[in-house]
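Taking it in order: structure first as structure tokens, then the write-up.
The values are calculated or read from the model by the stated rules, or taken from the named source; none is laboratory data. Everything quoted here is computed from the prediction, not taken from an experiment. A quick note on method: Cβ atoms are made from the backbone with ideal geometry, for glycine too, and the neighbour counts reach across all protein chains shown.
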Amino acid sequence: MKQIPFNRPYLSGKEAANFDDLLRSNRFAGPGPFGIICEEKLGALLGNPAVLMTSSCTHALEMTALLSGIGPGDEVIMPSFTFVSMANAFVLRGAVPVFVDIRPGDMNIDPTAIEGAITSKTRALVVMHYAGMACEMDTILALSRKHELILIEDAAHCIGASYKGRPLGTFGDLATFSFHESKNIHCGEGGALVINRPEWLPLARQIREKGTNRPDFIRGEVAFYEWTGVGSSYLLGEPSTAFLAAQLDEVATVTQERKRIFDRYVALLSPLEKAGKLELPNPIVGSEHNGHIFFIKLEDGSSRNQLADFLANRSISAYFHYIPLHASLAGKAFCRFEGTDNFTTKESERLLRLPIYPGLGDADLKYISEAIEVFFQTVD
Ligand SMILES: Cc1ncc(COP(=O)(O)O)c(C=O)c1O
């Protein structure tokens, strides 16, 4: 039987040549020449903000909490339908994540739920563009300015995606990207921090270097380096940046291919949507997504699970996504949900992600959508 994995990590074909250069250079710790190439290439894709490569998006998020000076007693507003790293970054600083509801069409934070969650303790607003589909950034920017909140974008899914022509990851004071192998381009494990407040760059470099002024020492600006503040080891090593540098030129090609597959799914599954069997993603006007995730939504959690099992029996891997953080063990202990959970729980239970990666052929897409059609005929 045909096996269709959920993801196939992308390879540009140029990775081996970069590894040859790396081995010849005999230089492996970050940030070296490949790290700088990645920062320049990613910066160029984003319109040249300051970029620091990091060991993961999780670590970049931890850096946002440190840079924002967030600490005990502070509150940070974020969606509950998100990855655990977002909340953890602030819990590690002793702050309280305050969750608000999402909107069903794109699974992104509901801007109308934000103001009701703001208190005198609120310091930051963190948004996540699910599946590379932009949040309602005009409203979110206006709210963060009005209430003087630090705005952080978790752009883990967002390479190559934009809102009203502007790349995601350039709206917030800070933004984070992931280059985990599940992402559109990757280096196994890796991430980046985007700093749209240039005055924070020197501190960000020190935080990334274990809380030392080693970056100044390397540039010859100080005679020795010492412990200067709170930090950790957030650098990305040269083997990883050599791998990623080989992929950063391919963002446009990868995005185009993934969007082609996304659009093909939409064409193949639209009849089922029209028949009321499932729902398709509905990005907001102005959002130019990057085909990172293709999801469908079923009537409820039980039919979603039945379909996932049905597809697994046909060797098609399809997965749900985040269990809302406020429903998790740690979420209950460290965080609170503000307002009504109209959609977070209900929509996350109904969501199923289908395979999407360059190389997924039309025959595979037809095989998957026919299997979904057969599922609905079976349950009808
Ligand atoms: C929205 C979001 N943020 C952050 C992360 C963490 O990324 P990383 O694995 O690079 O730490 C993920 C992981 O998939 C994610 O989905």
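Matching residues to (1) at pLDDT 95 or above; (2) within 12 Å of the ligand (Cβ to nearest atom); (3) crowded, with 21+ Cβ neighbours inside 10 Å:
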| position | (1), (2), (3) |
| --- | --- |
| 48 | yes, no, no |
| 58 | yes, yes, yes |
| 68 | yes, no, yes |
| 74 | yes, no, no |
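Somewhere in the range 210-228, is a residue within 16 Å of the ligand (Cβ to nearest atom) and not acidic (Asp, Glu)?
Just the residues of the range 210-228 that are within 16 Å of the ligand (Cβ to nearest atom), to begin with: none.
Looking for residues that are within 16 Å of the ligand (Cβ to nearest atom) and not acidic (Asp, Glu), one finds none in the range 210-228, hence no.
Could you tell me whether residue 265 is crowded, with 18+ Cβ neighbours inside 10 Å, outside the structural domain of residue 172 (by TED's automatic domain parsing) and not small (Gly, Ala, Ser)?
yes
Quick grid of which residues meet (1) over 13 Å from the mean Cα position of the chain (by Cα); (2) near the ligand (Cβ under 9 Å from one of its atoms); (3) under 29 Å from residue 121 (Cβ atoms):
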residue	(1), (2), (3)
159	no, no, no
188	yes, no, no
193	no, no, yes
198	yes, no, yes
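Testing residue 53 on (1) over 25 Å from residue 167 (Cβ atoms); (2) in contact (Cβ under 8 Å) with a residue 60 or more places away in the chain; (3) of a type in the set (A, V, I, L, M), one condition comes back false. Which one is that?
With respect to (1) over 25 Å from residue 167 (Cβ atoms); (2) in contact (Cβ under 8 Å) with a residue 60 or more places away in the chain; (3) of a type in the set (A, V, I, L, M), residue 53 is out only on (1).
Looking at (1) surrounded by 24 or more Cβ atoms within 10 Å (Cβ to Cβ); (2) of a type in the set (S, T, N, Q); (3) over 18 Å from residue 55 (Cβ atoms), can you tell me which one residue 176 breaks?
(3)
Within the set of pairs 6+ apart or on separate chains, which have a first residue in the range 161-184 that is assigned by TED's automatic domain parsing to the domain that holds residue 197 and more than 9 Å from the ligand (Cβ to nearest atom), a second that is in a loop (DSSP other than H, G, I, E, B) and among the β-branched types (Val, Ile, Thr), and C-beta atoms under 8 Å apart?
That search, which allows pairs on different chains as well, returns 184/159.
Condition check ((1) surrounded by 15 or more Cβ atoms within 10 Å (Cβ to Cβ); (2) in a loop (DSSP other than H, G, I, E, B)) across all residues:
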site: 180; (1), (2): yes, yes
site: 183; (1), (2): yes, yes
site: 192; (1), (2): yes, no
site: 206; (1), (2): yes, no
site: 229; (1), (2): no, yes
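So which pairs qualify, if the first residue must be in the range 65-86 and within 21 Å of residue 340 (Cα to Cα) and not assigned by TED's automatic domain parsing to the domain that holds residue 155, the second must be in a helix (DSSP H, G or I) and near the ligand (Cβ under 10 Å from one of its atoms), the Cβ gap must be under 9 Å, and the two must be at least 6 apart or on different chains?
none
Kindly state which helices (runs of 4 or more DSSP H) lie completely within the range 301-380 and contain at least 1 residues that are within 16 Å of the ligand (Cβ to nearest atom), in contact with a helix residue (DSSP H, G or I) (Cβ under 7 Å, 6 or more places away or on another chain) and in contact (Cβ under 8 Å) with a residue 40 or more places away in the chain.
Filter on the range 301-380 gives 329-334.
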